[in-house]
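Throughout, read-outs are computed from the coordinates displayed, never taken from laboratory work. All of these numbers come straight from a predicted model, not from anything done at the bench. Glycine gets a Cβ as well: all are built from the backbone with ideal geometry, and neighbour counts include every protein chain shown.
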Amino acid sequence: MMRSGIATDRRCTSAMLCVMLCCASASSPAMAQPAPLITHPDLVLFAGATLGTAALSKLDVRLAHAFYDSAFQVNHPGITSAANRASLATETVFMITGATVWGVARLRHSDGTADVALHTTEGLAATAMFIQVIRGVLGRTRPYVVDAVGEKRNGQPYDFQLLAGFRSFNYRSFPSMHAMASFAVASGLATEMKRRDTNHRGLITPLLYAGATLPSLSRMYLDEHWASDVALGVFLGVFAGQKAVNYSHDHPGNYFDRKLLAPKISATFTRSAAGLSFTLLPF
């Protein structure tokens, strides 16, 4: 009877241990599979955008002629000057601005501003690197490029030179970096306002997207891009802005937030007999 009781106790103990281990495995964060950054619906969305861009390319020549008119530009220098100014809104300018705002916000301990600046810049920077590779590989000819006999290539939107984009700016047309950058920033800021339920975001968001269209349209006006270049750039920008912000907020323990938002930074100026010194320390 004693042996039987001991055996029964051992079986009960083993069963309890198995149940406890199963429960612990199910509830432990360490065992949970990390959520993917790019999901299956995202891939379907990319496929749809690619097909839509291909369909729009049938109108590239017609739209290129409609947007670019050298005589009109000569007769309206003010519009041309405005288009050139809008073209200054590049991904480099946006990334430098975002990094600067993030740095100043960290020094001033403005966590909300630093959060917005970091997430907006993340989406922009990641997509800019992706686009650089795509443009370099595809080598699509820009509309203004002329061929060997001096004729403009507005009639050849399907002129792709493999890997030529890595060698020449003339073959980095697809997709538009300007369109991606401006819409990534607009989308990132709009998504941050939505998540924070910012006051008057219903008015500010349309203004952000309206402003983002200016660099995109200016590139077509200056004969730098085909309409399909801009269309895919807009899609990538909106997607990147929303994805970076939503993913970061849904996964607050992600690598970049831990490294760039969690540590505190202290900046102090000290005056002594030796002179003025500046100290920048985490704490």
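Amide H to amide H distances under 5 Å link LEU261 with no residue, where only residues 5 or more positions off or on other chains count and H is placed in the peptide plane. The H on the amide N of ARG140, modeled in the peptide plane, is under 5 Å from the matching H of GLN161, SER173, PHE174, each at least 5 residues off or on a different chain. Note down the net charge around GLU192, summing +1 for each Lys or Arg and -1 for each Asp or Glu among other residues with Cβ under 15 Å from its Cβ. Net charge around GLU192: -1. Size descriptors for segment 40-164: radius of gyration and Dmax over Cα atoms are 19.6, 60 Å. Placing a label point 7 Å from the Cα of GLN156 along the Cα-to-Cβ direction, the residues of segment 40-79 with a backbone N closer than 18 Å are 58, 60-62, 64-65. Please tell me the relative contact order of segment 113-214 in percent, rounded to the nearest whole number, where contacts are Cα pairs under 8 Å and at least six residues apart. The normalised contact order for segment 113-214 reaches 29 percent. Where in segment 198-230 does the amide nitrogen come within less than 20 Å of the point 7 Å from the Cα of SER81, taken along Cα to Cβ? Output list for this probe position: 214-215, 218-219, 221-223. Using the average count of surrounding beta-carbon atoms within 10 Å as a protection proxy, the listed peptides 99-110, 216-227 rank, highest first, as 216-227, 99-110.
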